[in-house]
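Data block below; observations after.
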Amino acid sequence: MDGRGLVNDQALAAATLGADIRALRKARGLTLADIAAMLNRSVGWLSQVERDMSEPSISDLRELAQALGVPMSMLFAHSEAPAEEHGYVVRAGSRRPMGSGEEGLIEELLSPDLTDDFEMVHSTFQPNSRMQTPAHRPTQEVGYMISGKLDLLIGGRAFTVGPGDSFRIKHEPYQWSNPYDVPAVAVWVIAPPVY
């Protein structure tokens with residue numbers, strides 16, 4: 001590969017970072033001015049970052065992640081996909097980790113980036129784990145169970161779902177638990193993207 005191919009691959013990876021930052025900001029209903037004020041930076045600087053004209057430092061990424069309410073890994077872990085696959089294919093070994101994993105939930109982004117009207121997430125719920133505090137997001141979410149069982153509380157109604165089952169959460173509070181001895185694995189589609 002010549003030097004131009006490497007530069008193009010690096011530009012595509014950087015473009016994903018800026019687009020993801022913009023998508024996350026918009027999904028939270030924040031303006032450029034809102035985030036710039038949180039970071040004590042100029043609107044122009046943030047605009048350049050979102051348009052991939054300026055590369056944020058590690059400390060900038062840390063502050064951006066905090067302002068957007070996402071783990072830093074979401075902004076750091078852009079894969080080095082070949083140019084012809086970038087934006088189209090996410091290889092199993094190149095999924096971006098999401099979330100902290102603190103409650104026993106391990107999530108990976110299946111979507112190539114966060115620029116679509118939805119995101120796809122691969123979720124593994126560890127045995128004997130549970131969501132500590134119910135979530136209530138302005139999203140529509142559909143999950144499909146691949147393996148294991150999961151107990152759900154959606155809008156005050158209790159359900160247990162297993163392999164092949166699907167479920168929807170639509171602007172309602174929800175909570176999950178896996179009180180079983182095996183991991184539960186699900187694929188979620190979330191609109192708009194929240195990670």
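Across the stretch 149-195, what is the number of residues that are part of a loop (DSSP other than H, G, I, E, B), under 30 Å from LEU75 (Cα atoms) and among the hydrophobic types (A, V, I, L, M, F, W, C)?
Going through the stretch 149-195 one residue at a time, the tally reaches 1.
Mind checking which residues of the stretch 144-177 are touching a Pro at 6+ places or on another chain (Cβ under 6 Å) and over 20 Å from ALA27 (Cα atoms)?
MET145, SER147, GLY148, GLN175
Checking PHE159 against (1) under 20 Å from the mean Cα position of the chain (by Cα); (2) modelled with pLDDT of 95 or more; (3) open to solvent by 70 Å² or more (accessible area, probe 1.4 Å); (4) aromatic (Phe, Trp, Tyr), which test does it fail?
(1)
Considering only residues of the stretch 78-101 that are over 13 Å from the mean Cα position of the chain (by Cα), under 18 Å from ALA186 (Cα atoms) and open to solvent by 70 Å² or more (accessible area, probe 1.4 Å), which is modelled with the lowest pLDDT?
Top of the filtered list is GLY93.
Which residues, counting only those in the stretch 177-195, are more than 18 Å from the chain's Cα centre (by Cα) and open to solvent by less than 40 Å² (accessible area, probe 1.4 Å)?
The initial filter retains those residues of the stretch 177-195 that are more than 18 Å from the chain's Cα centre (by Cα), namely 177-184.
Once the filter is applied, which keeps residues that are more than 18 Å from the chain's Cα centre (by Cα) and open to solvent by less than 40 Å² (accessible area, probe 1.4 Å), the stretch 177-195 yields SER177, ASN178, ALA184.
Tell me which residues, restricted to the stretch 144-181, are of a type in the set (Val, Ile, Thr) and under 25 Å from ARG96 (Cβ atoms).
If we filter the stretch 144-181 for residues that are of a type in the set (Val, Ile, Thr), which is where we start, we get 146, 154, 160-161, 169.
Those that are of a type in the set (Val, Ile, Thr) and under 25 Å from ARG96 (Cβ atoms): ILE146, ILE169.
Go through GLU102, GLU107, GLU141 for me and flag whichever is part of a loop (DSSP other than H, G, I, E, B) and either under 27 Å from ARG25 (Cβ atoms) or of a type in the set (Ser, Thr, Tyr) (or both).
The unique qualifying residue is GLU102.
Listed residues LEU109, LEU39, LEU64, LEU32; which is under 29 Å from VAL182 (Cα atoms), touching a helix residue (DSSP H, G or I) at 6+ places or on another chain (Cβ under 9 Å), modelled with pLDDT of 85 or more and open to solvent by less than 60 Å² (accessible area, probe 1.4 Å)? Before you say what the answer is, go through the steps one by one.
Working: LEU39 fails: under 29 Å from VAL182 (Cα atoms); LEU64 fails: under 29 Å from VAL182 (Cα atoms); LEU32 fails: under 29 Å from VAL182 (Cα atoms).
Unique residue meeting the criteria: LEU109.
The values are calculated or read from the model by the stated rules, or taken from the named source; none is laboratory data. Given the structure is predicted, the values throughout are model-derived calculations rather than measurements. Cβ atoms come from the backbone with ideal geometry, glycine included; neighbour counts cover every protein chain shown. The area values use the complete protein model at the heavy-atom level, side chains included, leaving out ligands, DNA and RNA. Shrake-Rupley method; radii C 1.70, N 1.55, O 1.52, S 1.80 Å.
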